[in-house]
Ligand SMILES: Cc1cc2nc3c(=O)[nH]c(=O)nc-3n(C[C@H](O)[C@H](O)[C@H](O)COP(=O)(O)OP(=O)(O)OC[C@H]3O[C@@H](n4cnc5c(N)ncnc54)[C@H](O)[C@@H]3O)c2cc1C
């Protein structure tokens, strides 16, 4: 088949590589000057930074992890790190996830957290129904203490809204749900490990996270056209046309609100749903520092409180690979979310850095470089209407003969490994289509 793939992020390039290996003619159409999307990295002097905040290679799915590592040059091309993540909780460093680190809080806060957790646990056992909104879900699941001491301030910082306007159904598997035994163990001082699937991760030795996409494109056997603004996609009988060129199949991975105007036959009601899918954006501040001594052995830290500035997470990026910063230097990525209102300038950067200094992460006089990158599509706005809206949009695509997937091509809260897993599922679907010649609705589990 001749297949057009819209968007050259990891979703589009991974699918292109898989389909090209089957002998299909595949063309990836990418608007930017190079592929990579959210996985892109860039150089500033001798520093390498990821553009959309700190990215790591990991997966619960061994097949996907092996695929990722193979694209990055295997074990030799990557650096393996044992994750060490912390929360900057007022004056102290608390291991992450917060429930597993509860024993490191003040005695009063430990009591509040454990008492609240037990109360919530009993409440659920007595049949307290799962709230539909995230703001009420937090105390229902974690209790009032955890809510007050971390979950509410941190989530308000990242989502920039009243948490009661957010749905709760996306949380499963995202927000750690530690067993009560782990909380009690941690409260009496026995350290427990949360998020075990992520306890070890990898990172490309050279070139930043973008190396994953380069390794997917190189030798991939497909055509990549960059700098292409797709303006018209339409059905022509049993086949399709993209800007007038005929294809047997079109697969979209571009953020839906960006590509919606190009789909000529999309019904008006679906268009209205797509236009309402607003993203949460992310400014990533890329900071280079001069070092007198090595950075602490941290992977990343969370900053839940307002007095720590607007940053919600700081990645100790030069700890991921020694090649991310020149000798004698280190680097950080500071992530700040927004809803389209943030316009970074030098004064804003200085404020963020001052706040990082207050939080004990760096000293201002160490900073030799500070650049930022604004990523419009970073997180999904999980508002109360989102579930119904995206279901209608996906249904139209899945039944129309076009395929759509990707973090914002399907609006699934996926990391790159899950995008690759999806690419593998879509690839299977295309194999069936090629073998039988029969178009069926795409059904992704
Ligand atoms: C802060 C943050 C941290 C993350 N951390 C991790 C992590 O640690 N590990 C991990 O695996 N994943 C992580 N992710 C997730 C990961 O970045 C995404 O899952 C993945 O990059 C999404 O790839 P994609 O191809 O689906 O979408 P995108 O990367 O968004 O690709 C879409 C592509 O479409 C292109 N495009 C846009 N408009 C058009 C148009 N009109 N025509 C043609 N092309 C167009 C874009 O330029 C882009 O290249 C993180 C994401 C964020 C925001």
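The table below lists the values:
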read-out: Relative pair counts by distance (%), Cα atoms of the range 98-194, 5 Å bins; value: 3, 14, 24, 26, 19, 12, 3, 0
read-out: Length-normalised contact order of the chain in % [C-alpha pairs under 8 Å, at least 6 apart]; value: 24
read-out: Nearest 10 degrees, 0 to 90: helix 346-358 Cα axis against the chain principal axis; value: 40
read-out: Choice from 163, 433, 333 showing the highest fluctuation, given a GNM over the chain with Cα pairs closer than 10 Å; value: 433
read-out: Translational D in µm²/s for the range 221-315 (Stokes-Einstein at 25 °C, 0.890 mPa s, Kirkwood Rh from C-alpha pairs); value: 135
read-out: Acute angle (nearest 10 degrees) that the helix 10-21 long axis makes with the longest principal axis of the chain, alpha-carbon atoms; value: 40
read-out: Acute angle (nearest 10 degrees) that the helix 62-71 long axis makes with the longest principal axis of the chain, alpha-carbon atoms; value: 80
read-out: Helix-derived mean residue ellipticity, 222 nm - over the chain, DSSP H n ≥ 4, -39500 (n - 2.57), to 500; value: -9000 deg cm²/dmol
read-out: Rh (Kirkwood; distinct C-alpha pairs) - the range 258-373, Å; value: 16.1
read-out: Ordering of 179-186, 112-119 by packing [mean C-beta count within 10 Å, highest first]; value: 112-119, 179-186
read-out: Beta bridge orientation in the chain: antiparallel %, DSSP, nearest 5; value: 75
read-out: Sites residue 108 and residue 443, calculated FRET efficiency, Cβ-Cβ separation with R0 56 Å, nearest 0.05; value: 0.65
read-out: Packing-based exposure ordering (other Cβ within 10 Å, fewest first) of 81, 216, 211; value: 81, 211, 216
read-out: Of 147, 434, 269, the one that fluctuates the most in a GNM where the chain has Cα springs shorter than 10 Å; value: 269
read-out: Surface/4 of the Cα convex hull for the range 1-92, nm²; value: 9.4
read-out: From the C-alpha gyration tensor of the range 1-157, square roots of 5λ in Å; value: 42, 22, 16
read-out: Distribution of pairwise C-alpha distances over the chain, 10 Å bins, in %; value: 4, 20, 29, 26, 16, 5, 0
read-out: The range 318-419: translational diffusion in µm²/s, Stokes-Einstein, Kirkwood Rh over Cα pairs, 20 °C, 1.002 mPa s; value: 123
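Quick note: the coordinates plus some simple rules give every number you see, no bench work behind them. Keep in mind that this is a model prediction, so the values were computed, not measured. Glycine gets a Cβ as well: all are built from the backbone with ideal geometry, and neighbour counts include every protein chain shown.
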